[in-house]
Amino acid sequence: MKPIKIQLNENDIPRQWYNLAADLPTPMLPPLGPDGNPISPDMLAPVFPMNLIEQEVSSKRWIDIPEEILDILYRWRPSPLRRAVYLERYLDTPARIYYKDESVSPPGSHKPNTAVAQAWYNKQFGIKKLTTETGAGQWGSALAFACNIIGLECKVYMVRISFDQKPFRKMMMSTWGANCVASPSTETNAGRKILEEMPDTPGSLGMAISEAVEEAVTDPSGTTRYSLGSVLNHVLLHQTIIGLEAKKQLKIAEEKLPDVIIGCAGGGSNFAGLSFPFVSDKINGADIKIVPVEPTACPTMTRAPFAYDFGDTACMTPLLAMHTLGHAFVPPPIHAGGLRYHGMAPLVCRGIVEGLLEPRAYHQLQSYKAAITWAKTEGFIPAPETSQALAAVIEEAKKAKEEGKEKVILFNYSGHGLMDLVGYDAYLSGKLTDYELPEEELQKYTKDLENLPKAEMRKSGKW
Ligand SMILES: Cc1ncc(COP(=O)(O)O)c(C=O)c1O
């Protein structure tokens, strides 16, 4: 039998991150300030440390990973590349399905790949405390884990609905010494204002970001900064270690480049981390179908316009050119809490506009059905976010069977679902329903975009 767990050892870990911005066929649109003009890096300084801002704006293709960061990542990296032979047999597909298992990290997802890097760069810059938002709680627990190891204080604003649905994530954060509060909270001006207008709101990532940014920029000591778990260029950069490892592991498995690459996308970081090193091959002529997956309840990539918008509800962040459902969008309380963000990483959006990426949306019930199939064949219980990717994987494997083609499918197993069993319980007891964002809702939330600067549709026309 061919190996189904392809391991690298510590010496094989990639020593540089890959920056897709260096290879894009058309350049990124710059972030804009409130006056509609491009912002300069120093305008971000109250929010992020300068060493991370440098990465955010960098156009260097390769960026060295400091040894001290690698030394922390060795706890679980390189992560295994596994082959899903049990699912393949069940589906009776000629496809070979490989997955990067990011669930093996201490918090259980891909998120600490950037949490560790961000905490390390902040510490180097003399920062003492990080604030952040979290949806499902994966990001908050990853930052709590990283801050504990690196020696920073950590404050997490957790979206209300997840705070209530996922109490164990909060306990994980407390175990690593972080302070986690439900958002909107009464601790910030942004939170109090939202609560006055919408006392029963389930919260949103946009609201929680407003609160975390406010706390960072109003600290009179100047030693607090904000940390974002997805969306921004430097976050996606840190995640490319996933795809770079996968490339080495596929070679060991004697595979050529994959035919299909799949990842779920909330803000875009795990998808980008796996796929960007392969997008580079696609730019250079390789034939790879690269699919970011989202829920029909929050159809940012598949239905929302490409426009300049704020990253948060209170309009405190710069304007980013991205697919967006509007910064005031309050997503329905689906269980894939990490996929409920109104925007999408500008780098992923450039890939979509160029035609390099082919986004898809799936219903919640199909994703849970895929998760149960996975749990009953492969054995592991996936995070609800990961299950969205699984719906696409199963669809592609069935298609390979219909076509009689031996395709190689690679996807990112972004996290385990052992803290998300309330969602499984709701599904198994028939309490979950599908939800497709109605067109009137989409129109309502994207109306505000008309008053913001327009984003040019740059496209090389090659794909
Ligand atoms: C397990 C898991 N997968 C995926 C995501 C989506 O985030 P991103 O698109 O940044 O990878 C999250 C976000 O919380 C998550 O927890």
Any lysines whose Cα falls less than 19 Å from that of LYS401, other than same-chain ones fewer than 8 residues away, would be LYS289
Given unit charges at Cβ for Lys, Arg (+) and Asp, Glu (-), the dipole magnitude of the stretch 284-388 about its Cα centre in debye, nearest 20, is 240 debye
Compactness summary of the stretch 250-378: radius of gyration and Dmax from Cα atoms, Å, are 15.8, 50
The percentage of Cα-Cα pairs in the stretch 344-463 separated by more than 19 Å is 63 percent
Dimensionless Rg/Rh of the stretch 60-164, both radii on Cα and Rh by Kirkwood, sits at 1.09
The Cα extents of the stretch 330-403 along the principal axes, largest first and rounded to whole Å, are 36, 35, 18
One can check that the equivalent ellipsoid of the stretch 109-154, built from the alpha-carbon gyration tensor with semi-axes equal to the square roots of five times its eigenvalues, has lengths in Å, largest first, of 17, 10, 8
per DSSP, antiparallel bridges as share of beta bridges in the chain, % nearest 5, sits at 35 percent
Beyond 27 Å (Cα-Cα) in this structure, taken from LYS60/LYS407; LYS166/LYS431; LYS5/LYS369; LYS166/LYS369, we find LYS60/LYS407
Rg/Rh over Cα atoms for the stretch 207-291, Kirkwood Rh, comes to 1.17
Cross-link reach from LYS447 to lysines, straight Cα distance under 22 Å and at least 8 residues apart if same chain, gives LYS193
In debye to the nearest 20, the charge dipole size for the stretch 227-332, taken about the Cα centre with +1 at each Lys and Arg Cβ and -1 at each Asp and Glu Cβ, equals 120 debye
Taking every C-alpha to C-alpha distance in the stretch 254-295 and binning by 10 Å from 0, the per-bin percentages run 31, 52, 16, 1
Expressed as a whole-number percentage, the relative contact order of the chain with C-alpha contacts under 8 angstrom and at least six residues apart is 19 percent
In debye to the nearest 20, the charge dipole size for the chain, taken about the Cα centre with +1 at each Lys and Arg Cβ and -1 at each Asp and Glu Cβ, equals 1120 debye
Per 20 angstrom bin, beginning at 0 and ending with the bin that holds the maximum distance, the Cα pairs of the chain fall in percents of 27, 62, 11, 0
Dividing the mean separation of Cα pairs under 8 Å (6+ apart) by the residue count of the stretch 338-463 yields a relative contact order in percent of 30 percent
If unit charges are put on Cβ atoms (+1 for Lys and Arg, -1 for Asp and Glu) and the dipole of the chain is taken about its Cα centre, the option from LEU44, THR296, SER204 lying farthest towards the positive end turns out to be THR296
Flagged as over-length at 20 Å C-alpha distance, from LYS247/LYS376; LYS247/LYS405; LYS2/LYS248, the pairs are LYS247/LYS376; LYS247/LYS405
Excluding residues fewer than 8 positions from LYS170 in its own chain, the aspartates and glutamates with Cα under 19 Å of it are GLU133, GLU153, GLU187, GLU211, GLU385, ASP420
Scan of the chain for trypsin sites (Lys or Arg not before Pro) in DSSP loops with at most 14 other beta-carbon atoms within 10 Å gives a longest site-free stretch of 76-255
With Rh as the Kirkwood radius over Cα pairs, the stretch 1-99 has Rg/Rh of 1.15
accessible surface per residue for the chain, probe 1.4 Å, DNA/RNA/ligands not counted, whole Å² -> 37 Å²
Volume per residue (Å³) of the convex hull spanned by the alpha carbons of the stretch 151-220 is 80 Å³
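The values are calculated or read from the model by the stated rules, or taken from the named source; none is laboratory data. Source: prediction; values computed, not measured. So basically every Cβ, Gly included, is an ideal-geometry build from the backbone, and we count neighbours across all protein chains shown. We work out accessible area using only protein heavy atoms, side chains counted, and drop any ligands, DNA or RNA first. Shrake-Rupley method; radii C 1.70, N 1.55, O 1.52, S 1.80 Å.
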